[in-house]
Structure formats: C-alpha cells, structure tokens
Amino acid sequence: MGTAVTKDDIYKELDLIQSCITRMASNSFSMKGWHIGTISALLVFFFSKESVNLNMIFLIIAAVTLVFWYLDSYYLMVERKYRWKYAWVIKNRVNASTPKTNFLFDLNPDKEEMWDVDINSKGYKVAKKQGKHVRRTELDL
C-alpha cells in the first residue's frame, strides 16, 4: 500500500474495527447465555439426587460463575480496546487534515506503539491498570 490513504481505506478500516467490536459484544453475550445454561444444568443435576449437599452445590456454582465472569470480563476488556482504537482512527485519520498512515488495517488492539496518549485520558488509565508502558503525547481520546 502506498503512502496515500484514501477515504475508502479509512472507512474499510473502521468497518473492520466495528466488526471486531460486534464480535466481542456477541462473545460476551454468548458467555452470559452459557453461564445461565450451565448453572441450570448443574442445579437440575444436583437436585435430581436423593441427598443434596448444599455446600458442594455452592462451591461448584461459585467456581463456574468465576470462570464465566473472567471470560465475560476479558471480552468486555478487548471490546473496550477496540472502541479506543476506533476513536484513535477517527481522530488520526478521518478528522486529521493529513491522515496518519501508520498502523493502517492493523487490528491488534494491544499494539503499544499506537497508544501514545495523554495521561488524563481514559485509555491511559486502562493501559496503566493492565501494567502497560504508555508514552505521553498530545493525543487525548
């Protein structure tokens, strides 16, 4: 790809990022459905027995809930990164007088070189919580 970025390239990149956001939201919703189904199946299994050990039921349901909670939070975290990336593309390609050509069609939301942000931005705070090194510049999302 050459150095000139066309509006079609930018809109295609935004479309690809939006499809990643949609996929992460769908995965998160799917995790919630699987969680409800798994809990329901476990309850039916445990209460179909003659003797019910409530402590065992509680421990197993708590473990299953923690696993699905982790998976759901992971998908929400990745979705938030893609939303941040979407905002970056809007700011640095669509609204810029000369669109930046670096990271064009790069769908990796964890690319540290891309996240030069202001220390007061929400993205900076999210990256800091994850232990990422973020350089300070004028970019504020």
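Coordinate-derived values only; no laboratory data. The model shown is predicted, which means the values in this text are computed figures rather than measured ones. A quick note on method: Cβ atoms are made from the backbone with ideal geometry, for glycine too, and the neighbour counts reach across all protein chains shown.
A few comments on the model shown:
- Globularity index of segment 1-76, i.e. its alpha-carbon radius of gyration over 2.2 N^0.38 Å: 1.85
- The peptide list 20-28, 45-53, put in order of mean Cβ contacts within 10 Å with the highest first, becomes 20-28, 45-53.
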